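Before any comments, here is the structure.
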Amino acid sequence: MSIADQRHRFSIPDDVHYLNCAYMAPLSREVSGAMVEGARLKEQPWNFLPADFFRVAENFRESAGRLAGVSPDRIAIVPSVSYGLAVAAANLPLAAGQNVVTLGDQFPSNVYVWQERARAAGAEVIAVSRPSQSCWSGAVLDAIGRIPPSWRCRTITGRTGAWSIWWRWAKRRARMGPRWCST
């Protein structure tokens with residue numbers, strides 16, 4: 001699938017090639033406009049009713065659910081990735097001797113929370129690396145121990161308590177179902 005050039009949607013000069021979106025992504029003009037519109041609501045807060053907070057949030061959850069292909073009930077709104085991961089880590093059962101699988105070279109918000117959670121539970125974090133530009137799939141599936149034995153290089157079957165990886169990777173593999181998943 002190819003995505004057309006989107007530069008026209010951003011205020012990025014032609015001579016700038018900004019690649020550090022993990023640090024701070026540029027906002028599109030549409031997003032900036034929505035932020036200004038939202039801020040303007042605070043100019044007259046007496047017109048913004050308590051029910052409006054929920055309406056805005058529910059509209060967002062419905063839109064995000066459609067985009068991700070899930071029910072709005074599966075969408076949580078949190079103020080930051082690190083906060084969302086901290087809530088998830090605190091509520092996932094993790095026992096001594098288990099492991100948490102992450103991708104190597106992740107942004108710190110997906111590293112520190114799992115290191116802390118694993119340390120508290122007596123578990124370990126496995127940061128999966130991949131050779132050069134090879135596919136992540138085999139490396140991740142090998143680490144969580146859910147690939148057919150003929151594909152396995154290392155077995156950790158039954159020890160994986162959690163895995164925290166990109167949602168796009170997980171969504172693509174989940175659609176494949178039992179063809180790639182064996183316990």
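For first residues located in the range 5-16 and under 13 Å from GLU30 (Cα atoms), partners that are surrounded by 10 or more Cβ atoms within 10 Å (Cβ to Cβ) and lie 6+ apart or on another chain with Cβ distances below 7 Å form the pairs ARG9/SER28; ARG9/ARG29; ARG9/GLU30; PHE10/PRO26; PHE10/SER28; PHE10/ARG29; SER11/ARG29. Against the condition exposed (fewer than 10 other Cβ atoms within 10 Å of the Cβ), at pLDDT 90 or above and either under 29 Å from GLN106 (Cβ atoms) or among the basic types (Lys, Arg) (or both), how does ARG40 come out, does it pass? In short, yes. Do we have VAL78 as of a type in the set (A, V, I, L, M), surrounded by 10 or more Cβ atoms within 10 Å (Cβ to Cβ) and within 16 Å of the chain's Cα centre (by Cα) here? For VAL78, the condition - of a type in the set (A, V, I, L, M), surrounded by 10 or more Cβ atoms within 10 Å (Cβ to Cβ) and within 16 Å of the chain's Cα centre (by Cα) - is met. Within the range 80-87, does at least one residue satisfy the condition of being in contact with a helix residue (DSSP H, G or I) (Cβ under 9 Å, 6 or more places away or on another chain) and more than 30 Å from ALA127 (Cα to Cα)? Scanning the range 80-87 turns up no residue that is in contact with a helix residue (DSSP H, G or I) (Cβ under 9 Å, 6 or more places away or on another chain) and more than 30 Å from ALA127 (Cα to Cα). Does the range 99-116 include one or more residues that are at pLDDT 85 or above and more than 30 Å from ASN20 (Cβ to Cβ)? The answer is yes; a qualifying residue exists. Among the residues making up the range 87-116, those that are within 12 Å of the chain's Cα centre (by Cα) and assigned by TED's automatic domain parsing to the domain that holds ALA127 are THR102, LEU103, GLN106, PHE107, SER109, ASN110. Against the numbered list (1) surrounded by 12 or more Cβ atoms within 10 Å (Cβ to Cβ); (2) within 15 Å of the chain's Cα centre (by Cα); (3) of a type outside the set (Ser, Thr, Tyr), VAL56 comes up short only at (2). Looking only at residues in the range 13-29 that are surrounded by 10 or more Cβ atoms within 10 Å (Cβ to Cβ) and within 23 Å of the chain's Cα centre (by Cα), the one that is nearest to ASN110 (Cα to Cα) is ALA22. Test PRO50 against the stated conditions and say whether it is assigned by TED's automatic domain parsing to the domain that holds VAL140, modelled with pLDDT under 90 and exposed (fewer than 12 other Cβ atoms within 10 Å of the Cβ). No. Out of all the residues in the range 10-28, is one or more assigned to a helix (DSSP H, G or I) and not aliphatic (A, V, I, L, M)? Looking for residues that are assigned to a helix (DSSP H, G or I) and not aliphatic (A, V, I, L, M), one finds none in the range 10-28, hence no. Checked against (1) part of a helix (DSSP H, G or I); (2) surrounded by 15 or more Cβ atoms within 10 Å (Cβ to Cβ); (3) under 17 Å from the mean Cα position of the chain (by Cα), TYR83 meets all criteria but (2).
The values are calculated or read from the model by the stated rules, or taken from the named source; none is laboratory data. Remember, predicted model here, so these are calculated numbers, not experimental data. Note that each Cβ is placed from the backbone with ideal geometry, even for glycine, and that neighbours are counted across all protein chains shown.
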